[in-house]
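Following: one structure in structure tokens, then a few remarks.
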Amino acid sequence: MVIIEILDLLGASARRMLRALADGETNPAALARLADRRLHATEQQLCDALGATSELNSVYRRLVKMALEELQLIEEQMNQLDHEIADLLGQHQDAVQRLAEVPGLGVDSAHQILAEVGAKAAAFPSEKHLASWIGVCPGEEESAGISASNRCPQGNRFLRRLLNQAAHAAVKAKGSLFEVVFRRLVPRLGFKKAVGAIAHRLTRLLWKILHQGVRYEERGATVSHKSRAARTTRMIKELRNLGYRVEPTRNPA
């Protein structure tokens, strides 16, 4: 029942309640008070959802505790690997930062892209070659002048999945150019193909960023200075946590 009221079981509120539950807390009201005030669920709703915890068997409490300990270990190992990756890519910090500035991408995505295509995407003479290699462009199979298929080539499945995920995130950036283009494409192409078109646009963009050494500049008409500054602050904090030395500029975009 808790999952109905708290969509993210790995969020801060849910973890506090799960830890208390694992440590032996049986009072639903006490568990509900551990939730963040910004949580959409009310305290009464949480109490109703947590009502069965007063009779929870100790075996299940132990299982919850073991799951939390395993989760903590996995997160510590992931954090260690992230720092090692950042050390290996330290000489390409500028490329990491330029990629991370693109809506839909981030520091982790930038690391994965650089690991696959290189710091300058030198193996790809054009953005079209990169899009074809990843598999985020329509196919061009023709016979006697008739198109036989417009399906995307197989390409690099790992990067194609990453770019599709980035496209889903980019179109949710309020007021950004990606959101504007996506809304224009959806009525004609449908949701899935429109997301694919955004992934294709992202691929061409990241080639320019890496191959030509340029930076992303937001052209969306309604993106506020406040939202840009907040995103830049988050990115700088993430970079610094991984050991990068970052100094903010007056115009980070």
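The values are calculated or read from the model by the stated rules, or taken from the named source; none is laboratory data. In this text, all values refer to a predicted model and were calculated from it rather than measured experimentally. Counting neighbours? That spans all protein chains shown, and the Cβs are built from the backbone with ideal geometry, glycine included.
In contact (Cβ under 8 Å) with a residue 60 or more places away in the chain and either of a type in the set (Val, Ile, Thr) or outside the structural domain of Ser176 (by TED's automatic domain parsing) (or both) - does that describe any residue in the stretch 47-59? No, the stretch 47-59 contains no residue that is in contact (Cβ under 8 Å) with a residue 60 or more places away in the chain and either of a type in the set (Val, Ile, Thr) or outside the structural domain of Ser176 (by TED's automatic domain parsing) (or both). Against the criterion of being in contact with a helix residue (DSSP H, G or I) (Cβ under 6 Å, 6 or more places away or on another chain), more than 30 Å from Val195 (Cα to Cα), outside any helix (DSSP H, G or I) and of a type outside the set (Ser, Thr, Tyr), Ala29 does not qualify.
Is it the case that Gln72 is assigned by TED's automatic domain parsing to the domain that holds Ala110, part of a helix (DSSP H, G or I) and at negative phi?
no
Being surrounded by 14 or more Cβ atoms within 10 Å (Cβ to Cβ), closer than 30 Å to Thr203 by Cα and not assigned by TED's automatic domain parsing to the domain that holds Ala229 is the requirement here; does Ile113 meet it? Criteria not met by Ile113. Which ones in the stretch 48-61 are over 14 Å from Glu25 (Cβ atoms) and surrounded by fewer than 12 Cβ atoms within 10 Å (Cβ to Cβ)? Passing the criteria: Asn57, Val59.
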